[in-house]
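J.: Attaching a single structure in structure tokens format; questions to follow.
Here, each number is a calculation from the coordinates, and none is a lab measurement. Because the structure is a prediction, the values reported are computed rather than measured. Cβ sites come from the backbone with ideal geometry, for glycine too, and all protein chains shown count toward neighbours.
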Amino acid sequence: MLSAAAPSIYQAPKCFATYGTMGHVDPKQAPHRGKPWSAIMSQDFIHKVDLVLPSELFELVFEKVIETRQSPQYSKVTMTLGDILEGDFFTEYIKKGNVIMLSEGKMTASSLFTLHDGTLLMYLDKEVYERAGLVGKPYGAKGGRGLRPRWVVSFDLRSPAMLRGKKGFDRLIYACKNVLNQPTTWLFANVDESTPCPDPLQRYFPASFTSSPGITRDLVVVQGPLDIASETLANADRSSFEEGATECYEWLSLIRLGSPRVEPQDNIDPYLSRYQVPGDAEGQVSVCKLSWQGFVSSVWLHKLLVGTVAACPSTAWFSLSASCFSKHVPGGGDEIMILRPPVVGAKYLMWEINVSE
């Protein structure tokens, strides 16, 4: 009998590809339900955003979308967990406002705290979990003797029960004062466009940053695939769909990376790389890339997608990608990529790469 493989945090990521129709997009009444909108909003802590589009659309998108909206802003601040749950910070930013926060640490080692949409998640090892006296659930791979048990504790801080004098909240405050009381470095971003006055964050002396777009213009690449063959969709051919979706994803990802593999003059030794742009690979196209890097909310990404869809002609293509922070294995964050093919009917092709599940 073969022994079972040891549970591991180094699991292969899962990729889900979806082909569908966006429908009409009104920037004044932006959609949030259904894909791709719900998939965009499900991203939690975004690290990098890339917008790739033909060079002839750059001026249009830059004027109507980029210049008309504020670049992502975020801060790096040192606070204890208890500081978040006290005073004006708790009232203005959590009860009334909407912020996202990510602490240093990993899900699989030490302690990690996240705050998203009013929900506080705490990833703790067994010793800290037992000392804190909180109620949580086991987290991570189970059944391995060599793995240290982990626990996750969740609190909805916007719940009416999360107030002084309530049993559950007082227990959380006690744990923050007596166990989870170490100063921690956080990334902080205000999802709302308005900031309280006076700003409760300033008492902790944050370092503030603005994610200005990095622009790469007139990048000439070999024309790659930008849609799924109509025969594949008509016949519901799963294997052909997977192959076509993979080819599109690879080509767009290499543009994101700035790889010379998609450049017309690339002549790398096949021993080092066997990649070739799918298809005839005879045509060339000039593209541009806009990149934002920092700590970005899904709300900002959603507005960017809505604005780009509304600004571009209906038959023009573009792709929007977002990479989330890794909360366990370095470089292993969730990703999402949306391609609008150059076809009529407001179609889209979306890839969701899930690492944390």
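J.: What order do you get for 110-118, 236-244 when each peptide is scored by the mean count of other beta carbon atoms within 10 Å, highest first?
T.: 110-118, 236-244
J.: Applying a 10 Å radius around every beta-carbon, put 163-169, 13-19 in order of their mean neighbour count, most first.
T.: 13-19, 163-169
J.: Quick one: P(r) of region 77-124 from all Cα-Cα pairs, 10 Å bins, percents rounded to integers, in order of increasing distance.
T.: Pairs per bin, as whole percents: 25, 57, 17, 1.
J.: On to the next question. As an exercise, use a Förster radius of 22 Å and the Cβ-Cβ distance of Ser239 and Asn354 to find the FRET efficiency, rounded to the nearest 0.05.
T.: E(calc), rounded to 0.05, equals 0.55.
J.: Going by average Cβ neighbours within 10 Å, how do the peptides 78-87, 174-183 rank, with the highest at the top?
T.: Peptide ranking by packing, descending: 78-87, 174-183.
J.: Regarding the chain, what are the three Cα extents along the principal axes, ordered largest first, in Å?
T.: That gives 68, 65, 38 Å along the principal axes, largest extent first.
J.: Shifting gears a bit: How much net charge surrounds Pro200 when only the other residues with a Cβ under 13 Å from the Cβ of Pro200 are counted, with Lys and Arg +1 and Asp and Glu -1?
T.: The answer is -2.
J.: Also: Show me the helices of the chain, taken as full DSSP H stretches, that run 18 Å or more along their long axis by Cα and average 1.0 or above in Kyte-Doolittle hydropathy.
T.: Once both thresholds are applied, what remains is 298-311.
J.: Give the calculated FRET efficiency between Ala229 and Ser38 to the nearest 0.05, with a Förster radius of 35 Å applied to their Cβ-Cβ distance. Numbers along the way, then the final one.
T.: Details: r = 27 Å, r/R0 = 0.77.
Step by step, r from the Cβ atoms, then E = 0.80.
J.: Against the 2.2 N^0.38 Å scaling, with N counting residues, where does region 26-112 land? I'd like the Cα-based Rg ratio to two decimal places.
T.: On the way: Rg = 17.9 Å, N = 87, 2.2 N^0.38 = 12.0 Å.
Normalised Rg, Cα atoms only: 1.49.
J.: Now for a different question. Considering Cα pairs under 8 angstrom that are at least six residues apart, work out the relative contact order of region 184-280 and quote it in whole percent.
T.: With pairs under 8 Å counted, the relative contact order is 27 percent.
J.: Oh, and also: Taking the Cα of Cys15, stepping 7 Å toward and past its beta carbon, and measuring to each backbone N in region 243-264: which are under 12 Å?
T.: 243-254
J.: List Met162, Met41 from most exposed to least, where exposure is judged by having the fewest other Cβ atoms within 10 Å.
T.: Numbers: Met162 19, Met41 16.
By the 10 Å Cβ count, ascending, the order reads Met41, Met162.
J.: Sorted from largest down, give the three principal axis spans of the alpha carbons of region 73-210, whole angstrom values.
T.: That gives 51, 36, 23 Å along the principal axes, largest extent first.
J.: Something else: How much length is gained on full extension from Asp156 to Ser194, taking 0.36 nm per residue of separation minus their Cα-Cα distance?
T.: The span from Asp156 to Ser194 would gain 11.4 nm if fully extended.
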